[in-house]
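Student: Quick one: the structure is below, questions incoming.
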Amino acid sequence: MHDLSLHAIRDALARREFSSAEITAHFLARIARLNPALNAYITVDPEAALAAARRADELRARGEGGPLCGVPIAHKDIFCTNGMRTSCGSRMLDSFVPPYDATVVERLAAAGCVTLGKTNMDEFAMGSSNETSYYGPVRNPWDLERVPGGSSGGSAAAVAARLAPVATATDTGGSIRQPAALCGLTGLKPTYGRVSRHGMIAFASSLDQGGPMARSAADAALLLNHMAGFDARDSTSIDTAVPDYGAELDADLRGLRIGLPREYFGEGLNPGTERVVRAGLAELERLGATLHEISLPHSPLSVPAYYVIAPAECSTNLSRYDGVRYGYRCRDPLDLQDMYARSRAEAFGDEVKRRILVGTYALSAGYYDAYYRKAQKIRRLIAEDFRAAFREVDVIASPASPSPAFRFGEKSADPITMYLEDIYTIAANLAGVPALSMPGGLIDGLPVGIQLIGNHLQEARLLNVAHRFQQATDWHLRQPAGIA
Ligand code: GLN
């Protein structure tokens, strides 16, 4: 049952081959057995999940219920869930039980989804390895000694180990695509504003975007259908109709122009990763696409610009955690100042503190022009690079991450090395354009992701290219050997 795709589960439920209570219980049993080794979930509430599944079965029996009625899914622990702890991977929110659902959670529940639990993540989504979680690192199902990527590492590990058919995730600088790449999945970061941020705990508001984590492009499309859409409660939400992302999956690729940015195939790229990506591109050529070298000249500036803008926004967003309104409060504060200082010192981890310090510095009077305003100018140039590129090509392809999954501790001692993990993913967030990662092959038994970037609102195009690739190859069907 756990090998079934999201589509297959939906259809089997509709045909009454099994009930939601049965498949939900099946996934809960797998989580109980395998999660202690993987640490993919932070919170699982079997009773609530089974109760929701039984309700879904009742609705179906009455001929009611949404299009995904009774389908179990997992939510990244950054999405607020009414009545269920939402920690964001932080000690700060270890006891936070939201009184409302994020829009994404609300929409998926309205479609009929049953929440299995909340997945582990880097603290406040800051990281590329899941090593910054207060709840401990997630292990990569392909090799338990290696990281699953981050920050949506719990969602990626849960789907790769088949502890959930699909999961929600978020991407501020690569946190859907990089863990999807390292765990052999299809993960899509939609256009900024396509998926509501309401109830999605803020890291860097101008970059954060929710999206689907799935085992195939077809499943990612189906999940996105029920995540995307205008939301008046998010002031940056895009007010245009949501297409059926499944409708164009089979469209022919003949004549598709794929751009290869020369800046993404140079120094720093693992030769094995490059071979896998080139082989994938050759496959897309066989499917009728043509390859064109392009330039995104400001690419080398994307990581430095991101590491000014993201920390600046995070320092502002995280100022709300003051020990007063919600979250952690230190014991026996001497006075108000002591309470602020100690609550934050005790509840935030090192990476979060580092970002708050960098961000506060970059925004302070006297440095604002030198850092923040400069970074915003670079951001504009990067967006213009994409605008120019998309006049010549339909889609841009690149590696998703410079190398396959690395070992625990390998990069965590040096923040800069870790920050370079997102060298190919960050520009799409700065420009607000959609991008996905799909499995392109294996190196020494570890998955390698190919990234596809599209112009604004071209999610359906990206899913189409990935789906056609997955019809012609079987990399997305490979499974981690040690997980039965
Ligand atoms: N790894 C990047 C960071 O640490 C991106 C994280 C994300 O996309 N949430 O900021």
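Student: Calculate the FRET efficiency for L59 and E346 from the Cβ-Cβ distance with a Förster distance of 51 Å, rounded to the nearest 0.05.
Tutor: Values: r = 45 Å, r/R0 = 0.88.
FRET efficiency, L59 to E346: 0.70.
Student: Sorted by average packing, counted as other Cβ atoms within 10 angstrom per residue and highest first, what order do 187-195, 340-348, 17-25, 83-91 take? Display every interim value, and only then the final one.
Tutor: Values: 187-195: 27.8, 340-348: 17.7, 17-25: 19.4, 83-91: 22.8.
Those peptides, ordered most packed to least, come out 187-195, 83-91, 17-25, 340-348.
Student: Same structure again: For the chain, report the % of Cα-Cα distances exceeding 31 Å.
Tutor: Values: 44077 of 116886 pairs.
When every Cα pair of the chain is considered, 38 percent fall beyond 31 Å.
Student: Using only helices, what value at 222 nm comes out for the chain when you add -39,500 (n - 2.57) per DSSP H run of length 4 or more and divide by the total residues, to the nearest 500 deg cm²/dmol? Walk me through the intermediate numbers first.
Tutor: Details: 15 runs with 178 residues, N = 484.
For the chain, the value works out to -11500 deg cm²/dmol.
Student: Need one value: the accessible area of L334 in square angstrom, 1.4 angstrom probe, rounded to the nearest 10.
Tutor: 150
Student: Quick one: which of K76/K374; K377/K411; K374/K411; K76/K189 span more than 25 angstrom between C-alpha atoms? Walk me through the numbers before you get to the answer.
Tutor: Details: K76/K374 33 Å; K377/K411 30 Å; K374/K411 28 Å; K76/K189 14 Å.
In this structure, K76/K374; K377/K411; K374/K411 lie more than 25 Å apart at Cα.
Student: A follow-up question, please. Sticking with the crude label model, points 7 Å out along Cα→Cβ, report the distance from V97 to S235 in nm, one decimal please.
Tutor: It works out to 3.2 nm between the two label points.
Student: Placing unit charges on C-beta atoms (Lys and Arg positive, Asp and Glu negative, everything else neutral), compute the dipole magnitude of the range 322-449 about its Cα centre in debye, rounded to 20.
Tutor: Details: 17 positive and 17 negative charges, 85 e Å.
Dipole about the Cα centre, nearest 20: 400 debye.
Student: Placing one identical point scatterer on every Cα of the range 53-129 and ignoring solvent, what is log10 I(q)/I(0) from the Debye formula at q = 0.19 Å⁻¹?
Tutor: -0.78
Student: Can you order the peptides 414-427, 284-297 by their average number of other Cβ atoms within 10 Å per residue, highest first? Display every interim value, and only then the final one.
Tutor: On the way: 414-427: 21.2, 284-297: 16.0.
Output ranking for 414-427, 284-297: 414-427, 284-297.
The values are calculated or read from the model by the stated rules, or taken from the named source; none is laboratory data. Everything numeric here is computed off the predicted structure, so don't read it as measured data. Cβ atoms come from the backbone with ideal geometry, glycine included; neighbour counts cover every protein chain shown. Protein only, heavy atoms only, side chains kept; ligands, DNA and RNA dropped before computing areas. Shrake-Rupley method; radii C 1.70, N 1.55, O 1.52, S 1.80 Å.
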